[in-house]
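Read through the structure below, which is laid out as structure tokens, and then see the notes.
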Amino acid sequence: MADELKFRLANGDDAFALMRLHQLAAPRPLHDPLMLDYGRLQSLLTGKSTDSWFVGEDARTGELVVGASVMHDTEQRLAKMHRLYVAPSVEDMPAATKGVLSFLLAHLDAQGETDVLYTATWKLTLAQLELTREMGFRTAGIFPNVPAADVSRVNSITVYFFRDVLTTRRFTDFTIHPAVRPFFDLVRRECNLPNVADAVIDPAAARAPSTYTLSDLEVINAAKFVAYRFDLLKERKFLSVSFYPFQEPDVLITVPRQEVEIFVRMIPKLRFAMIIGEKVNVPVDPSLLYRAVGEILNEKGITYIEMLNDAADVSGTQFLLQAGYIPCVYFPCLKTHGNLRRDIVVFGKSFEKGRLRPEFVGPQLREFWDHYWQLDHDLLQARP
């Protein structure tokens with residue numbers, strides 16, 4: 001008998017059922033402390049939370065067999081689909097997945113408070129990834145070395161754009177670094193974007209004067225202090241970079257007099273780190289700084305690092321390339337800027353070359369993979 005499902009918003013009474021569904025349906029191994037904490041989960045479902053939760057019930061038995069959660073950044077009009085579960089007992093998993101996605105998208109569209117919804121697919125199966133594309137999500141790139149439930153595959157990011165955000169809200173008056181071009185062209189095809197020109201790169205102009213030594217950089221592991229310090233500097237607009245959706249730093253890399261402060265989110269279990277923001281008050285070559293930051297994080301056991309940069313910041317892109325960070329995601333309209341939204345490029349720096357092999361890359365992601373590793377190879381050959 002075909003599945004008959006009823007979709008609705010979750011409530012506090014669903015906490016145990018969602019925890020059970022997580023145990024039955026989450027890809028393994030998946031570290032998610034919330035789904036093991038009944039009190040915290042029930043509080044999120046009943047109190048004022050920035051998360052939205054959606055469930056699907058078996059209409060015959062009332063059993064909760066589908067679940068999804070979405071995080072919201074109201075200031076940025078941005079949302080992230082964080083979890084997606086379908087119980088193994090469901091006969092038609094693709095139909096159930098499409099059902100909850102349709103309900104979720106219709107709910108967000110009706111609210112009118114979200115411009116962009118995305119999902120980083122390291123918490124989804126490859127089949128679920130493909131289903132998001134069938135529902136209108138667009139692939140924006142890959143995460144070549146982010147550990148995931150399935151360590152044998154490349155992970156990616158898919159994006160859903162509500163209403164006319166791509167055609168009326170996107171900032172388009174800019175040029176891009178030629179190294180970003182292959183990724184832009186793939187996403188341009190996905191999203192039907194107008195073309196932009198390549199910037200002219202003068203390698204000599206991308207060498208910043210540096211009169212400051214970086215040998216005194218050290219790590220402060222004090223999550224509450226780091227988060228407070230970050231929020232304080234952000235509020236006072238002292239940070240030159242401070243945008244990383246749905247993440248806050250828990251580690252600070254700095255020097256004794258704090259002329260340089262690099263804020264980082266570390267996930268040691270995954271050997272993964274994200275550079276969240278910076279404050280630099282002294283002359284320093286950004287490429288040397290971020291190379292040094294990468295080496296420090298690698299010494300702490302981190303094997304893959306990500307950071308974001310505005311697609312229009314050509315000199316910033318050049319410095320990141322010189323520091324060994326490679327573009328891997330081109331995300332249109334990620335960040336709000338006045339009445340418009342700006343494109344953002346995700347850069348990755350891997351210390352584990354060749355952990356994945358090409359046969360593990362699905363055909364839909366293969367072009368992103370090929371461009372990423374070709375650029376990585378070219379930059380490695382060009383380094384002295």
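The values are calculated or read from the model by the stated rules, or taken from the named source; none is laboratory data. Worth saying up front: this structure is predicted, and the values here are computed from it rather than measured. Here Cβ is always computed from backbone atoms with ideal geometry, including for glycine, and neighbour counts include all displayed protein chains.
Listed values, structure above:
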{"quantity": "Filter pass, F243 being surrounded by fewer than 19 Cβ atoms within 10 Å (Cβ to Cβ) and outside the structural domain of I157 (by TED's automatic domain parsing)", "calculated": "yes"}
{"quantity": "Of all residues in the range 311-320 being out of contact with any helix residue (DSSP H, G or I) (no Cβ under 6 Å at 6 or more places or on another chain) and among the hydrophobic types (A, V, I, L, M, F, W, C), the one that is nearest to D185 (Cα to Cα)", "calculated": "A311"}
{"quantity": "Subset tally (residues that are over 13 Å from F162 (Cβ atoms) and assigned to a strand (DSSP E or B)) for the range 99-120", "calculated": "2"}
{"quantity": "L239 being at pLDDT 95 or above and part of a loop (DSSP other than H, G, I, E, B)", "calculated": "no"}
{"quantity": "Residues within the range 245-289 that are of a type in the set (V, I, T), assigned to a loop (DSSP other than H, G, I, E, B) and modelled with pLDDT of 90 or more, tallied", "calculated": "1"}
{"quantity": "A223 in contact with a helix residue (DSSP H, G or I) (Cβ under 8 Å, 6 or more places away or on another chain) and hydrophobic (A, V, I, L, M, F, W, C)", "calculated": "no"}
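Yes/no per residue for (1) surrounded by fewer than 16 Cβ atoms within 10 Å (Cβ to Cβ); (2) free of Cβ contacts under 8 Å to residues at least 40 places away in the same chain; (3) not hydroxyl-bearing (S, T, Y):
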| site | (1), (2), (3) |
| --- | --- |
| L232 | yes, yes, yes |
| K237 | yes, yes, yes |
| P256 | yes, no, yes |
| P268 | yes, yes, yes |
| V280 | no, no, yes |
| L288 | no, no, yes |
| N298 | no, no, yes |
| E306 | no, no, yes |
| A312 | no, no, yes |
